[in-house]
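Taking it in order: structure first as structure tokens, then the write-up.
The values are calculated or read from the model by the stated rules, or taken from the named source; none is laboratory data. What you see is a predicted model, and the numbers here were worked out from it, not measured in a lab. Using ideal geometry, Cβ is built from the backbone for each residue, glycine included, and neighbour counts are taken over all protein chains shown.
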Amino acid sequence: MPKIAVIPGDGVGVEVIAEAVKVLKEVDRLDHLGLELVRFDFGAERYLKTGEAMPPGQIDEFRNHYDAILLGALGDPRIPDMAHGRAILLACRFELDLYINMRPVKLIHEKLCPIKNKGPEQVNFVVFRENTEGPYVGAGGFLKKNTPDEVAVQQSIHTRKGVERIIRAAFEYARKHGLPKVTMADKSNVLRYGHDLWQRTFREVGEAFPEIEKEHYYVDALVMEMVRQPEKFHVIVTENMLGDIITDLGAMLQGGMGMAASGNIHPGKVSLFEPVHGSAPPIAGKNIANPLAAILSAAMMLEHLGLHTSAQRIERAVVQAVMQDVVTEDLGGRYGTREVGDFVASHL
């Protein structure tokens, strides 16, 4: 019986996760999955009332008693430094060691792609972004802050262990899914130390996968090729900050942030799945947010848990929604958040 922690979060996160849960409950009924969905109120409201993002020991609770976490979006203008968001999301990523940030870039219909003459056959790849190292670890500091002589240092951390395991995960995914090529992106022509480690590790790990083509791009060339010829790519692997940028461009190729699902994964352990869009306070509560990224994230979660048939049910229903234009305004539709969720649930 899979036990799922559900954290709706803030803003539109609450609305889109409600639709993802609606779909999960229906697929649970159809396929007799025995899902146990446990809702947590971790978000801005709780933080503002209690000063606490999560209770002590919550990460251990997730680690020991849950199979996956489904997260909405975090962010509230009343908390301008996003303290609660960092305490929740970054705690999950780092303390649960969710080193794979997996972002599928899969176009459902050419009408959603901003590039002319590109359809589902041309936009279909996955990005493996290292999720626990790089410049996002918070290493650094200030000297003479708020003076004319201020110095700010932001360090980027790369370890052999961290680089090797994300690269190996990308190759293993390609092998498992019969994909012919893995592309690694870096900026090693300028970042000569950390990204040299990426270069060497990519070559060494790749030797264990002789049937898979290995390709390297500097990141600026990669993003140009993603726009010009996205069909060249199958699996892309890269470091944390570059992956953040690459995957947001990928989201636009498939129809925007409202279509972009993601998984924060540690194979064999509790992992976290979330739509990659923000909490969008200006549109919260208006029934206009696109729930498809959240619903597709729920499908990714079921796939990760080995519930392949149920995941495919959800994906097919999302395709039906797009094909029949039962979509929200951001995709050119006239339906609301709840109505799109209703359609997907009814077409499982």
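Scanning the stretch 167-187 for residues that are more than 15 Å from Gly243 (Cβ to Cβ) and touching a Phe, Trp or Tyr at 6+ places or on another chain (Cβ under 7 Å), which turns out surrounded by the most Cβ atoms within 10 Å (Cβ to Cβ)?
Phe171
Is there any pair with a first residue in the stretch 27-49 that is among the basic types (Lys, Arg) and surrounded by 14 or more Cβ atoms within 10 Å (Cβ to Cβ) and a second that is part of a helix (DSSP H, G or I) and at pLDDT 95 or above whose Cβ atoms are under 7 Å apart and which are 6 or more apart or on different chains, and what are they?
Final answer for the pair search is none.
Can you tell me which residue is modelled with the lowest pLDDT among those in the stretch 132-147 that are assigned to a loop (DSSP other than H, G, I, E, B) and within 30 Å of Gly256 (Cα to Cα)?
Among them, the one singled out is Gly138.
Going by the conditions given, is Leu292 in the same structural domain as Leu37 (by TED's automatic domain parsing), touching a Lys or Arg at 6+ places or on another chain (Cβ under 9 Å) and in contact (Cβ under 8 Å) with a residue 12 or more places away in the chain?
The answer is no for Leu292.
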